[in-house]
Structures are given as structure tokens and as C-alpha cells.
1. Alpha carbon centre of the stretch A:172-211 versus the stretch B:149-206: separation in Å?
2. Over chain B, what is the relative contact order in whole percent, taking alpha-carbon pairs under 8 Å and six or more residues apart?
3. Other chains near A:156-163: what is the mean number of their Cβ atoms within 10 Å of each residue's Cβ?
4. By the scheme Lys and Arg +1, Asp and Glu -1, what is the net charge of all other residues having a beta-carbon under 12 Å from that of B:Pro176?
5. What chymotrypsin sites (Phe, Trp or Tyr not before Pro) in the stretch A:130-188 are in a loop by DSSP, with at most 15 other Cβ atoms within 10 Å of the Cβ?
6. Going highest first, how would you order B:28-40, A:113-125, B:70-82, A:50-62 by mean Cβ packing within 10 Å?
7. Only protein chains counted, 1.4 angstrom probe. Which residues of the stretch B:33-76 are at least 40 Å² less accessible in the assembly than when their chain is isolated?
8. Counting only protein heavy atoms and rolling a 1.4 Å probe, how much accessible area do B and A lose on contact, total for both sides, in Å² to 100?
Number of protein chains: 2
Amino acid sequence: MRTELTLYSYWRSSAAYRVRIALNLKGLAYRQVPVHLVRDGGEQRGEQYRALNPQQLVPLLVDEANGGARISQSLAILEYLDEVFPVPALLPADPLERARVRALALHIACEIHPLNNLRVLQYLAGELGVNDEAKTAWYRHWVAQGLAAVEQGLAELRDGLSMGQRPGYLEACLVPQVYNARRFDCPLDAYPRILARVARCEALDAFSRAVPEVQPDAT
Amino acid sequence: MRTELTLYSYWRSSAAYRVRIALNLKGLAYRQVPVHLVRDGGEQRGEQYRALNPQQLVPLLVDEANGGARISQSLAILEYLDEVFPVPALLPADPLERARVRALALHIACEIHPLNNLRVLQYLAGELGVNDEAKTAWYRHWVAQGLAAVEQGLAELRDGLSMGQRPGYLEACLVPQVYNARRFDCPLDAYPRILARVARCEALDAFSRAVPEVQPDAT
């Protein structure tokens, strides 16, 4: 098996957290290179990193065994991993089941996370002069809207997890989102399906090794 | 070929616009059901539509030939269409090429569009009391950041389009995003690769039939 994988990452980036979970679920070894998103105005905006990833975001996966291929965007990385290292799968085989899993993961990746990531919170506080209270309300608003939709959608998943009894693509997105929600003290009692699934995942080694606090660059 | 497809859509939704392009590129017939995102506080939030799509967003694709399967999230729909109706493909065959196309499409879908869609602009103007000038600056800021990254990324695509000489997955996202950028008078001169690709696409029937203004619910 090819395992020359490098992940450019930041311990607190929930998009990088998704990819760490996916790599762990597949049992793939990888080297992690930290990109500090805050220090010096953000290392992701520096010349060196920009040459690797013009999107100026983490994560970035480099696959040395595929000519040093550089892949950005966490969900594109998850799809790539599932195509190149198909076992164990992150997505079910049936197109409709795949679509249901992807739709919930995309709800997190498109409707919750982009509104609450660091650069957006910085813009709210900086350019728009939004105070801390209003910024926290903004954060919790999009978490509440988004998780309510995911909670409903989970009822349609066969056996509850991406792969029935096994976590995969969706849980790689859901667990980091709930981690973030807890960090900002978002109320979660209204989402029992989500909480049950997250608890099942958190008990697994693939998830506990991906947690921000245990990454080499955690401070 | 199975063609019992229904698209719940709103003429001005750029996520719905993506799916119209994809359906047209595949030559699939479909029925369109309008969901008015503004009238009466938004029909997408009404009981009837919520029962179909708990995400309370358009688009939603219903595939009657697959047991009335309901699929939300535009990119999940594009993936589903490519899996169930594989010819002509929206994504290249090679995993790395697929990843590059997906990463750029996801940059649009995760880093630009979510920040500028209707419900977010409503929150800025409403809850945060942001004035029109600052709201427009917000809009243009995320468009400029995002398109600059896409412009760079396009240099890495073989022959420039998703499928080399043919548009596909990426162009289904790029053309609606540029349509939106023009609507808000965002400067686009810095993105010659994007503009060249969009011009090639706009000349094609699959794209011209998907334009918001020619949809049945356009006003």
C-alpha cells in the first residue's frame, strides 16, 4: 500500500480535522506539517504555502506516490482517498445512499462551517465592527440552523451511520462540527441523533487520534 | 433511459442553476417545480416543502424512477447524476483530475457562495444592522478572495475545462458564481482564465437554457 501522504494542517481547523479522521479510518499513515493560521497574519497567506495551495486554506494533502499531487478542500480529499484507497470505504456503494451521506456532509461543509470559520469571524469583528456578543449569536445561529437540518436528515440514513454500522464520510464532518459547537457553548440538547452518533464515534481510536488537542502543533 | 426527474428550484438560486446546467449537459429531461425563496417569508420554510427537504433549501432533486428518491445539496445531486447517468460524464476518470475539479468547485460552493446567499445577506441587514454599502463590500470581498483562488487553480486543470475540452462539474458551479458576481457589479478583470471559460460555456445550449431569466418562475 502507498502511504507517502503529507497533510498540511492546523490543529484547530475543523476541515483538517475531517481529513485526519478519514485517514485514520482508512488506516493510512501520514506526516503532518503544521500551518499556523493565526501567527504572523496567517502562514497560509505566506508565499511559501501559497505556492503549494493557491486557495490559502488548510487542509492540503500531498500524495508523493502520485507524483506529489496536491489536493485541497477537505471533501475533495475525502473523495480522493475513497477512490485511491477504497477499503475500508467512507461512502456506501449505492448511489442514493451515497447522495444522502454527501448531502448531510455538504450541509455541514456549505451551510454551517463557512459562516463560522476564522476569516469570517475576523471580518465580522474587524471590517463590520461586530461586538463579541453579536458575533457569538451569529455563530450559534448558523450552528442551530444547520444542526437542526442534519438531525432531521439523519433519520433517513440506513442504520444511522455513513456505512450503516461504521462511521465514514459524514461522521468525518459531523464530529469536528460538534467539537466546534461545544467550543462555542452552542446548545445541543435538541439533537439527540447527532449526539448519539458523535458519542459512538468518539469512542473509536480513529477519532480520538484526530482530536485537535492531541495534534503536534496544539498549544 | 430513466428521465422521471423533478427539480425543486428557484430561478435566482445559483445552487439550483448548477443543477439545471448539469441536467442539460447530460441531456436529461426534467420537470421544474418553483419554490419561492422570498414570498411569504420563503416557501422553503413552509410545512409542505420542509416535509420534502428538511434542509429547507433549494435545489432538491426527486428521482421518481428510483422510488421517489429525494436528494438535496447541489453537489450531492451532481455526484448522483454522474453515478446514475454516467454518460456524458461531469467529472474526469482519473482520481487526481477529479480531485482538482472538485476542489475548485468546492471552493466556490464552500468559500464564496455560502457567505453571499440570501439568508446570510438578510442576517447581515437584519440582526446585525449592516448598511447597504457595507453589505455590498462584504459580498465583493468574498467573491474577490474566492475567484482569485479559482483563477490560480484553473492553471492546473488539463486543457482548462472539467472534461478537457468539455465543460462539466466545475463549470456548472463557475458559471452561476460569475453570473452572481456580475449581478453585484464585482470587478472581474483580474480573472482572464475564468472569463474565457465562462464565455465558452455561455455559448452552449446547455448553459443558455439554464440561465435564471429564462426559467418558468423568473420575474
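1. 37 Å
2. 25 percent
3. Mean partner shielding for this stretch: 0.
4. Summing Lys/Arg as +1 and Asp/Glu as -1 gives +3.
5. A:Phe184
6. B:70-82, A:50-62, A:113-125, B:28-40
7. Output list: B:Pro54, B:Gln55, B:Arg70, B:Gln73, B:Ala76.
8. Numbers: alone 10580 and 10590 Å², together 17170 Å².
Buried surface at the B/A interface: approximately 4000 Å².
The values are calculated or read from the model by the stated rules, or taken from the named source; none is laboratory data. No experiment lies behind these values; they were computed from the predicted model shown. Methodologically, a virtual Cβ is constructed for each residue, glycine included, from the backbone with ideal geometry; neighbour enumeration extends over all protein chains shown. Areas reflect the complete protein model, heavy atoms only, side chains present, ligands, DNA and RNA absent. Shrake-Rupley method; radii C 1.70, N 1.55, O 1.52, S 1.80 Å.
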